[in-house]
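Single-structure report; data block below.
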Amino acid sequence: MPDLLLELFSEEIPARMQLRAGEDLRKRVTDGLVEAGLTYASAGVFSTPRRLVLSVEGLLASSPNLREERKGPRVDAPEKAIDGFLRSTGLTREALETRDDKKGQVYFAVIDKPGRPAAEIIAEVVPTVIRSFPWPKSMRWGAGSLRWVRPLQSILCILSDEAGAEVVPFDLDGIQPGNTTRGHRFMAPEPFSVTGFEDYAKRLAAAHVMLEPDARRDKIWHDATTLAFAQGLEVVEDTGLLAEVAGLVEWPVVLMGDIDAAFLDLPPEVLQTSMREHQKFFSVSNPKSGRIEKYITVANRETPDNGALILAGNSKVLTARLSDARFFWDNDLRIAKDGVTPWIGALDSVTFHNKLGSVGARIARIEALSREIAPLVGADPDSAAQAARFAKADLASEMVYEFPELQGIMGRYYAKVAGADDAVAAAVQAHYAPLGPSDDVPTAPVSVAAALADKFDLLMGFWSIGEKPTGSGDPFALRRAALGVIRIVLENELTLSLYKCLTQADGHVLADEDGAARADVESTKADLMAFFLDRLKVYLRGDGVRHDAIDACYQLGGQDDLLSLTQRIRALQAFLGTDDGANLLTGVKRATNILAAEEKKDGIEYSLDPDAKFATEAAETALFAALDTAEPQIDAALKAGDFVAAMGALAGLRAPIDGFFDGVKVNDDNPVVRRNRLCLLNRIRTVSARVAVFGALEG
């Protein structure tokens, strides 16, 4: 069985596109082969800056012979119907078979499709894939119509087996496949031929090309950390940069350079961001001082001077970049030393949203809301308000204008320079958190107050003007904000009313630009509450919590304390996982169903308190006693917020309810006894509903 080796050799492919392009190449080519009848054993894909490579092993030598039978019209059908069938099959009438059918004689077409050699199929599939390749951006060059991410220079396409290798022939805008490739652009530029993937990979390695991206990443990280360790330093981990740099080189050569002493006192985040964004350098820090002192760059070639000239050139460019950063930093410090008022004033003229005012107006809202939330989370109101006032100020700074990803981080530095204490400065950075599902949430009280105020203002503001997430669209990251609130509340175990916080936020939200009344406030808050519940479901389902357990607790009503609601949900889930919980659920559902059926039949509600004096059976009396015992225990546990204890008290009803249904006839012939027993079923429903709405639970 032959193997296919395909290499598409071009000018440099952007690093961010390589991984996806490799997967697209594998899927599209192998799908095309399978569709044409060529199955295979395995397929691997590789990429470097100048080549996409596909290796398909264990291909069929040819597609199988196929016989297809198609049933056609009746023999006496109209001529147009028969002619249409002939056109669809490509046969003449004489070639059709006549067979008996339950409706009479009909035509059958028997079409033999002989198998085709693998090379012939590949010669059709590969050009089609190349011409329709889904690059995010592509270009044309020369006079041809072919589009590729960068000019395509050559194609290697061979089928190899025990007998040797053959080139698969086709023509693609004048590019004809061969069995040759080239190594490293500078270190081994001469072409060479290959006979299969194993030979290809070996000869590429000898020609200074590391074919596998993972191998390049591992080598870069190993060499970088080894260089740093030798000098008592550490490389700042940056997985995104590592993947990008591995896509920029075919033969990684790791070099470590010095940072001019004039820049070493810049904040480490500034140094790291400037070097990563502009130079693709890794930062090297001193673990004792925390300062960034050196950098790692990755060259694409070995040089006789061991990279000295490369480092000299990089250092010149880096000095120019860091001189800009130094200029921004020094200018920003002069403003911050006198307070950040000029920046906040400048933000009054920066529009946040045309219906929600300026960024300056948003700062004022967050400041007022932070002051109100602070007592609820154990923070000092003045400190929380100060943190909120500083929180967005750095958006007007020169450093954040140059590096937007440093917002909050620079704000922390500037707040300290302006005289803020550590808690306030930390809150300036932390109020954005969490930005992702794996980010830590703020835990310091001042940071929590500012972070909640920021997110509540964002959510209430956009809800009040009707700008809500739709489908996959969420341009203002409102889902992230809601999840951030949920995580902050739950991970800090905060007891606060979601409805009250939204009401406070709404009190500070601006009316629209026309000053017209907004949508009904209560319905807006109710809709936003439902949105929070949906986000809570997503969050809890990620932890394996049943969706119906969430609904069963939320449907009790008034469940706007996220911490209490979550504790109740988790306790209910744990209870339902026990035998007592599962059996009690069955009993409560049975009681509810019987009661609903009888109330519908009789046209009345059996909601009066049942009386034990009408009990005639021992199991009935036992159930009365069990309810009398459990009810105050459940109430006391719920009042104390001890949902585990409430479930435990509820578990005590399992056996008496089972005994009641086993030994008591609900629809007794005595109407008084019957009514009393139906009211007893209502009491079961009522008592259980203090813990959760069991009707919302699946069986």
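Rule-based calculations on the coordinates, nothing more; no lab input. Small disclaimer: the values here were computed from a predicted structure and weren't measured. Cβ coordinates were reconstructed from backbone atoms using ideal geometry, including for glycine residues, and neighbour counts include every protein chain displayed.
Where the alpha-carbon atoms of the stretch 71-111 are placed on the principal axes, they occupy 26, 20, 14 Å, in descending order. Among the chymotrypsin sites (Phe, Trp or Tyr not before Pro) found in the stretch 139-245, those both in a DSSP coil and sparsely packed, with 15 or fewer other Cβ atoms within 10 Å of their Cβ, are 141, 186.
Put simply, the Cα atoms of the stretch 341-539 extend 44, 40, 31 Å along their principal axes, the longest span coming first. For Kirkwood radius over Cα pairs in Å, which listed value, (i) 32.7; (ii) 25.8; (iii) 30.1, comes from the coordinates shown? Step by step, Kirkwood radius over Cα pairs in Å for this structure corresponds to label (i). Which FRET efficiency, nearest 0.05, do residue 190 and residue 135 yield, Cβ-Cβ r, R0 25 Å? Calculated transfer efficiency: 0.30.
The orientation-averaged projected area of the convex hull spanned by the Cα atoms of the stretch 213-323 comes to 6.4 nm².
Share of pairwise Cα-Cα distances greater than 17 Å in the stretch 524-606 is 57 percent (whole percent). Per residue of the chain, the DSSP helices (runs of n ≥ 4 H) give a summed -39500 (n - 2.57) that works out to -16000 deg cm²/dmol at 222 nm. Centre-to-centre separation between the Cα atoms of the stretch 405-442 and those of the stretch 80-150: 62 Å. Farthest towards the positive end of the charge dipole of the chain, among the residues 335, 356, 232, is the Cα of 356, using unit charges on the Cβ of Lys, Arg, Asp and Glu. In this rough spin-label picture, where each label sits 7 Å from Cα along the Cβ direction, the residue 321-residue 604 distance is 8.5 nm. Mind checking the full-extension length gain between residue 618 and residue 277? Use 0.36 nm per residue of separation minus the Cα-Cα distance, one decimal, nm. Result for the pair: 114.8 nm of gain on full extension. For the stretch 141-265, the spread of Cα coordinates along the three principal axes comes to 61, 40, 24 Å, biggest extent given first. Pairs with C-alpha atoms separated by more than 19 Å, drawn from the list 80/113; 355/455; 455/525; 455/500; 613/639, are 80/113; 613/639. Here the label points at residue 244 and residue 467, each 7 Å from Cα along the C-beta direction, are separated by 2.8 nm in the simple model. Only one residue of 376, 489, 445 has its Cα farthest out toward the positive end of the dipole of the stretch 341-539, where Lys and Arg carry +1 and Asp and Glu -1 on Cβ, and that residue is 489. The charge dipole of the chain, taken about the Cα centre with unit charges on the Cβ atoms of Lys, Arg (+1) and Asp, Glu (-1), comes to about 920 debye, rounded to the nearest 20.
What longest range of the chain stays clear of loop-exposed GluC sites (Glu not before Pro) (DSSP non-H/G/I/E/B, at most 12 other C-beta within 10 angstrom)?
Longest stretch, sites excluded: 238-492.
Residues whose amide H lies under 5 Å from that of residue 72, counting only those 5 or more places away or on a different chain, are 107, 108, 109; hydrogens are built 1.01 Å from N in the peptide plane.
Say a paramagnetic label sat at a point 7 Å from the Cα of residue 644, along Cα to Cβ; which residues of the stretch 545-568 have their backbone N under 15 Å from it? Of the residues in the stretch 545-568, 567-568 have backbone N under 15 Å from the label point off residue 644. Rounded to the nearest 20 debye, the dipole magnitude of the stretch 213-323 is 120 debye, with +1 charges on Lys and Arg beta carbons, -1 on Asp and Glu beta carbons, and the Cα centre as origin.
Please give the FRET efficiency for residue 212 paired with residue 522, using the beta carbon to beta carbon distance and R0 = 56 Å, rounded to the nearest 0.05. That gives a FRET efficiency of 0.40. In percent, rounded to a whole number, the relative contact order of the stretch 341-539 is 21, using alpha-carbon pairs under 8 Å and six or more apart.
For labels at residue 690 and residue 61 in the simple 7 Å Cα→Cβ model, what's the distance in nm? Going from the residue 690 label point to the residue 61 one covers 8.2 nm. Given +1 at the Cβ of Lys and Arg, -1 at the Cβ of Asp and Glu and no other charges, the dipole of the stretch 341-539 around its Cα centre is 280 debye to the nearest 20.
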